[in-house]
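Beneath this line is the structure, given in structure tokens, with notes to follow.
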Amino acid sequence: MRVDRREVAAALLPGALLALWSLGVAALFAATLEPAERAALAAQLEPRFALILLSWLVVSGALGLALRAAWLRWAAAPARLAEQAQILLGTDVQREIAPEGSAANQALAAAINALARQRDELRADIGRKVQEASREVEQERSRLAALMSELTQSVVVCNLDGRILLYNNRARLQFRALSDAPALAGGAELIGLGRSIYAVLDRKLVAHALESVQQRLLRGAASPSAQFVTSTRGGQLLRVQMAPVRAIAAQDEEPASLSGFVLMLDNITRDFADESARDQLLHGLTEGSRASLGNLQAAVEMLDYDDIDAGTRERFHAVIRDEVKAMSARIRELASHTVQTQKTRWPLEDMLGADLVSAALRRIETLYACSVAGHEVDPALWLRVDSYSLLQALAGLAGRLVDEYEVQRIELRLADAGSGRAHLDLVWAGQAMSTETVIGWETDPIRVGADISALTLRDIVERHGGEFWFERERVRHQAFFRFLLPLAAAHEQPLDASLVGPGTSRPEYYDFDLFKTSAQADELAQRRLADLAYTVFDTETTGLEPSAGDEIIQIGATRIVAGKLRRQESFEQLVDPQRAIPAAGIPIHGIRPEMVAGKPTIGEVLPAFHAFAQDTVLVAHNAAFDMRFLQLKEGPTGVVFDQPVLDTLLLSAVVHPNQESHRLEEIAARFDVAILGRHTALGDAMVTAEVFLKMIPLLAAMGIHTLGEAREAAQKTYFARVKY
């Protein structure tokens, strides 16, 4: 805890003044005495010097304690009251100030609390009226958010600078597939609010498409768009369609200009490869068939002559047989490729298992008029399936059971099989079948009513990466076909409610205020704090001495863009320190050695974190500690974090110089910020981010508006002298 010099001065001042007064009085008194009298007085006082010194200490201590108490009561308490009032004035914190100090100071605190309550009531009343007035707008916004979240196509909206201001979940998943380090950054280094789309797409291609759209707008096109295909750094092919976003124009102004553009992206790498292979097969079939037909025509014409000998006639027959065989082989190859393409045409989608079972039961009952039931169906299981082909398979099997074995009742079961798989069983009672029959059914084209599919049961199982077999239950006198299907991992790991926050039902991947982004920003030091993008991070380590060999074991980070905390745009990774984790630290951070064993090393994690934090200002609490760990890894990893850094510990000392503590917990309590996941890297980063957002208006009230001003003020604080 920092020592307040003014408080120390108040405690020592009485003793110093008493000493000066005593020395002055003694000097004046000695000046009136004769030498003999002074010698006699000195002889009397010398043996009593310790008593005089003790009396001075007692009186000085008593006066010092009294003056210190007066300082705390009449000076420090009003200063703390002013800082607490500034929090209520400059932020949205709703709480009362604890009265302390003199009666007048306590009365002033009570008056401030009363005014704050009145202000909160007025704010709440205004908020209710605004909410009523804007309910329709919020409904439209919610509809748009729901639509964007559920779209199966990747959609990204950018401003004219190419900065992303809206994207949906499908785009997030697609950018994860394009990431160089999907297991670490998860695509977060490529997509995020405020990030540049040019990290993925070529700037010249986007500029050319945008110019084409603008020209079509000038020619009066109602809905202009542009399309292009590009390749990513990883060799993926993207088909991109661009549509304009028009700015809202006043009634008496020119037609609205562009404020941004919408990109709809499709990964066509697999389609392109399939089409290329199909084109090659068709080209080979065409060229080969042309030659074969020529040979066949020549052979047939020669066979029309009656005067050719038997040996020559046999050679021409052999030519015909060989060419027919070659043409048949080419046609079979093309047919096989067509079937294989059909097998992989439909993408696997997430579907609630209970919904799949219900749909299958309805279809079987409608088609075959048999009794159906769903028993032992786990209602929480989500499957990743091609529902159409799987329903075809279930209906086809049920149809053959009804037609060939006169089965009257069909049941379906669904249960978790472990290891990310589920068992889907088609069960019946009655006559069983041989293994040879099952193998035949597995390889026959699926027939549902009058429709015959080009796919077989085996094709569908392979498409799902699953398995299929037949079993008998002799105890129940039942038999069943079992499908082993993949579970949908996305529904097995819901978002952590502590990170999303109360009342949040859908990740916030949009911010329409970002349309206001300027085309060219000034130097970072001159930019306003409220306009910058930040990466707020924290590290957990094996110990507190980075220079003595301690290592990072976890990095967590989140982003602040356009003055808002983007909870879903986060980075969290355990790190293998390649050294022991001291047992004394485990109760604090909760990271045990087996949790980091086999995890990526710091050499793998830092490049991914550097990409996540690029083009932003770094923020941390006690940043000197975390930055020291990063700086010590610059040499081994080649990763340099050269962004500006802000420290919430130093900024707290700037805005609240009279507070007794600047620990993260104490700052959070002052700002009414809930602490969740303390001493986890991501949890601490989230708390630090919320605290930092509360500090920005308080800094502005002190005249500190830009990044340069904030860093300069922070460096003047007492804590800026701490080094690691």
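The values are calculated or read from the model by the stated rules, or taken from the named source; none is laboratory data. This one's a predicted model, so the numbers in the text were calculated from it and none came from an experiment. Cβ atoms come from the backbone with ideal geometry, glycine included; neighbour counts cover every protein chain shown. Note: areas computed on protein heavy atoms with side chains; ligands, DNA, RNA excluded. Shrake-Rupley method; radii C 1.70, N 1.55, O 1.52, S 1.80 Å.
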Inset, instruction - First check a/c for the range 14-76, with a ≥ b ≥ c the square roots of the eigenvalues of its C-alpha gyration tensor; if it is under 1.5, answer rounded, and if not, answer prolate when a/b is larger than b/c or oblate otherwise. - result: oblate
Legend entry - Solvent accessible area, Å² - TRP56, 1.4 Å probe, full protein context: 80 Å²
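Ordering ILE439, ILE446 by accessible area with a probe of 1.4 Å, largest first, what comes out?
Numbers: ILE439 85, ILE446 15 Å².
Sorted descending by solvent-accessible area, the residues read ILE439, ILE446.
Roll a 1.4 angstrom probe over the protein heavy atoms and tell me the percent of accessible area of the range 572-724 that is carbon or sulfur. Please list the in-between numbers first.
Working: 3440 of 6530 Å².
Roughly 53 percent, rounded to a whole number.
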Legend entry - For peptides 385-393, 474-482, 198-206, sequence by mean Cβ density within 10 Å, most packed first: 385-393, 198-206, 474-482
Legend entry - Residue-normalised accessible area of the range 675-722, given per residue in Å² at a 1.4 Å probe: 42 Å²
Inset, instruction - Loop only per DSSP, at most 14 neighbouring Cβ atoms within 10 Å: give me the GluC sites (Glu not before Pro) in the range 587-693, ordered by residue number. - result: GLU660
